[in-house]
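K.L.:
Here it is: the structure, laid out below.
The values are calculated or read from the model by the stated rules, or taken from the named source; none is laboratory data. This structure is a prediction, so every number in the text was calculated from the model and none was measured. So basically every Cβ, Gly included, is an ideal-geometry build from the backbone, and we count neighbours across all protein chains shown.
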Amino acid sequence: MKQILFSALFFIAFVNYSFSQFSEFRNGLDSRQDSMFKSGNSFMQIAGRISAFYGYRVLKPGYTDLKHDGFYPQDCDLDILGKTKQDFVYEIHVSLLDIVSAAAVGNTPNLQTQNNTFVNPNSENPGIKAAYISYEGDKVPFHIKLGYDKLPYSQGSMSDNYNTPFWTHPILFGGDLFSRRDMGLTLSKSLWKQRVNIYGGMYSGVGENFF
């Protein structure tokens, strides 16, 4: 039993470490990185991520349909993150795979289900993941962000899905109960060495369907 428990904990830790390597800017905005464009006190980083998975179904005896087995793309992202000498930070993060998928269905934001309810077919991974500008200087006592980005409703929602073993968020904060992203203004303040974080904001209320 101890060996099984130890193996499970080791697997969870290994998966979490492995998926953390896919983060575009795992260490945040760092002017010491060599893989960026610099001009004086301003700099910009460009990164991306491409990942895929293999889908395999265990069929019941007598079933031989394997057409759904095979490799499927999961992510194809492009992320641009920069900072100006006036302490303004900007980011544009798009999912090329989601944009192509939306174009294939005519850019329809909602699909109608059998019970006549409308759902977002890809609420967790919209085509535009971030498009904002923020101020991170010390001229004001709080952090200001204006644009489209994740909403600070929960830590689980703020984390990226590729940091989870199954590449998806639970229903509780995966976009089914509330929008994970929206356009608006966010004010935040960290206290007590970032142990206490206070957020406040105003948003459009339409979530990922803003665009």
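K.L.:
Here's a check for you: in the stretch 169-211, which residue that is of a type in the set (S, T, N, Q) and in contact with an Asp or Glu (Cβ under 7 Å, 6 or more places away or on another chain) is surrounded by the most Cβ atoms within 10 Å (Cβ to Cβ)?
P.N.:
Looking only at the stretch 169-211, we keep the residues that are of a type in the set (S, T, N, Q), and these are 179, 186, 188, 190, 194, 197, 204, 209.
So of that shortlist, the ones also in contact with an Asp or Glu (Cβ under 7 Å, 6 or more places away or on another chain) come out as 179, 204.
Values: Ser179: 21, Ser204: 12.
Checked the stretch 169-211; the qualifying residue surrounded by the most Cβ atoms within 10 Å (Cβ to Cβ) is Ser179.
K.L.:
Could you please find all residues in the stretch 64-80 being in a loop (DSSP other than H, G, I, E, B) and either in contact with a Ser or Thr (Cβ under 7 Å, 6 or more places away or on another chain) or not charged (D, E, K, R) (or both)?
P.N.:
Start the filter on the stretch 64-80 by keeping residues that are in a loop (DSSP other than H, G, I, E, B), which leaves 64-69.
Selection gives Thr64, Leu66, His68.
K.L.:
Just to verify a result, which residue in the stretch 126-164, among those that are hydroxyl-bearing (Ser, Thr, Tyr) and within 23 Å of Arg49 (Cα to Cα), is surrounded by the most Cβ atoms within 10 Å (Cβ to Cβ)? Spell out the reasoning first.
P.N.:
Kept after step one, since they are hydroxyl-bearing (Ser, Thr, Tyr), are these residues of the stretch 126-164: 132, 134-135, 148, 153-154, 157, 159, 162, 164.
Then keep just the ones that are within 23 Å of Arg49 (Cα to Cα); that gives 132, 148, 157, 159, 162, 164.
Numbers: Tyr132: 19, Tyr148: 23, Ser157: 21, Ser159: 13, Tyr162: 18, Thr164: 16.
Out of the qualifying residues, it is Tyr148.
K.L.:
Something else about it: Suppose we keep only residues that are closer than 18 Å to Val140 by Cα and out of contact with any strand residue (DSSP E or B) (no Cβ under 9 Å at 6 or more places or on another chain) within the stretch 191-211. Which one would you say is modelled with the lowest pLDDT?
P.N.:
Gln194
K.L.:
Quick test for you: out of Ser188, Ser179, pick the one residue that is touching a His at 6+ places or on another chain (Cβ under 6 Å) and either at pLDDT 80 or above or outside any loop (DSSP other than H, G, I, E, B) (or both). Please lay out each step first, then the result.
P.N.:
Values: Ser179 fails: touching a His at 6+ places or on another chain (Cβ under 6 Å).
Matching residue, one of Ser188, Ser179: Ser188.
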